[in-house]
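Data block below; observations after.
The values are calculated or read from the model by the stated rules, or taken from the named source; none is laboratory data. Since the structure is predicted, the reported quantities are computational estimates derived from the model, not experimental observations. For neighbour counting, all protein chains shown are included, and Cβ atoms are generated from backbone atoms with ideal geometry for every residue, glycine included. Quick note on the areas: whole protein, heavy atoms, side chains included, nothing else; ligands and nucleic acids left out. Shrake-Rupley method; radii C 1.70, N 1.55, O 1.52, S 1.80 Å.
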Amino acid sequence: MKISDRASKIKFSAIRKLTPYAQEAVKNGKKVYHLNIGAPDIEVPETFFEAIDNFKGRVLKYPAAAGIEELRKNWAAYYKRRNLNFEANEIYITSGASEALLFVLMTIADEGDEIITTNPFYSNYKTYFDQLNLTMNAFDTSPKNGFALPSTEEIEKVISEKSVAFLISNPTNPTGAVYSREELERLKALAIKHNMYIITDEVYREFVYDGLEYTSFAEIEGIEDRLILLDSISKRYGACGARIGAIVTKNQDILTSINKLVTGRLAAPTLEQVGAAALFTSDESYFKEVNDEYLKRRNTIYEELKKIDGVEVYNPKGAFYIMPTLPVDDTEDFAKWLLTDFDLDGETLMMAPADGFFYNSDEGKNKVRLAFVLNVDDLKKSMAILREGLKKYKER
Ligand SMILES: Cc1ncc(COP(=O)(O)O)c(C=O)c1O
């Protein structure tokens, strides 16, 4: 029986591709440090579980398709605390930023339309483009300047008649870049010139280091009608498993369409929305604590990588990812070998080979993406494994 071309052409997630080898390593008694996936190990604030414990109803009807009122209201209040001017009725609740992106793409693009993103990009973006038969193009960013946005001319080269939107993640998965106001203004000017939407994926908004001031695209004036914000509690509150995200926009035509799509899938889960509504009332000091911990991790991984012979690395400014260049030709083979053929005192490491984060480019072949979501001690052990692994791999 048939499997659609659409499903057939989707590549398996770059982040989980090596999972069977990691499972085999564990079966063989090895401990595996997972730096391949950005699933935070930090506890979700207690308010989430308290709110669910206090849920009195015993009947779980479908909640409102757009999301429960309390969550939309509290999310809007969170934006206001950051000087982002969104009302509850401009926020639609989805199953994570992932479903948010799917509905946004369905709304703004037809088959064959093109979305422009960065190279490298968050690899799941391509999964959604393929699901909807959208084409993609990407402008290159480089580790030489911490993966900053390139010049207007460079970006403009990849725009075509078919381009309907820019899609950027800021702070960025997979590089940890944080874009300045000036960089955002550059995209704004191009979006206006070419009549494109801007989809800004800001799920890592709170993860910014070195006292850098974060500028949300929603602070930039003059693009209210073309700006669509994707958001989520997955990273902000370490609540990936709750699957709660949002589409946020002032564009009423988009909201009308989104309303049809969310109604078509009936609703997002009730209890997780109840918990999420409480999360947005958490004390802001939570972010400072979490940020301090991630800053230590960022410093550790950056310093440890710098010490390894032949590794090229930059200092990421946000999110919890770093994309070093390793002294090997094929990081997929090396990452697999670490799981199948190597251990340091019974321990090894799982990394995401970077090839799957690049479009039409071999730039990722000698890079890996590491998520610094483990504590400082485990990160140090992981980097020792990487250092020894690189030595042994070369000697084979
Ligand atoms: C840039 C970016 N956007 C979206 C997501 C998915 O978020 P969610 O868990 O809310 O679906 C991720 C997850 O890693 C991500 O890195």
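Take every Cα pair under 8 Å in segment 46-279 that's 6+ residues apart, average their separations, divide by the length, and report that relative contact order as a whole percent.
31
Return the carbon/sulfur percentage of the accessible area of the chain, one whole number, probe 1.4 Å, all protein chains in place.
Carbon and sulfur: 48 percent of the exposed surface of the chain.
Considering all projection directions equally, how large on average is the shadow of the alpha-carbon convex hull of segment 46-279, in square nanometres? Please report the intermediate quantities before stating the final value.
On the way: hull surface 50.5 nm².
Its average projected convex-hull area is 12.6 nm².
So which trypsin sites (Lys or Arg not before Pro) in segment 53-148 are both in a DSSP loop and have at most 11 other Cβ atoms within 10 Å of their Cβ?
Hits after loop and neighbour filter: K56, R58, K61.
Rounded to two decimals, what ratio of Rg to Rh does the chain give with C-alpha atoms and a Kirkwood Rh?
Ratio of gyration radius to Kirkwood radius for the chain: 0.96.
Let me have the relative contact order for segment 230-272, percent, based on Cα pairs under 8 Å that are six or more residues apart.
About 33 percent, as a whole number.
List, largest first, the extents of the alpha carbons of segment 1-146 along their principal axes, each in whole Å.
Principal extents (largest minus smallest coordinate, Cα): 49, 48, 44 Å.
So what is the calculated 222 nm ellipticity per residue for the chain, using -39500 (n - 2.57) for each DSSP H run with n of 4 or more, over all residues, to the nearest 500 deg cm²/dmol?
Values: 13 runs with 152 residues, N = 396.
Result for the chain, helices only: -12000 deg cm²/dmol.
Taking only pairs that are 8 or more places apart or on different chains, how many Lys pairs in segment 46-279 have Cα atoms under 23 angstrom apart?
21
Would you mind working out the accessible area per residue for the chain, using a 1.4 Å probe, and quoting it in Å²?
Details: 17440 Å² over 396 residues.
Value for the chain: 44 Å² per residue.
Taking every DSSP beta bridge with both residues inside the chain, roughly what % is antiparallel (nearest 5)?
45
Name the shape class, rounded, prolate or oblate, that the alpha-carbon gyration tensor gives for segment 228-312, where a ≥ b ≥ c are the square roots of its eigenvalues, rounded holds for a/c under 1.5, and otherwise prolate holds if a/b is larger than b/c and oblate otherwise.
Judged from the Cα gyration tensor, segment 228-312 comes out prolate (a/c at least 1.5, a/b above b/c).
If the reach is capped at under 18 angstrom between alpha carbons, list the aspartates and glutamates near K31, excluding any in the same chain fewer than eight residues apart.
Hits, sequence-local ones excluded: D41, D341, D343, D345, E347, D377, D378, E388.
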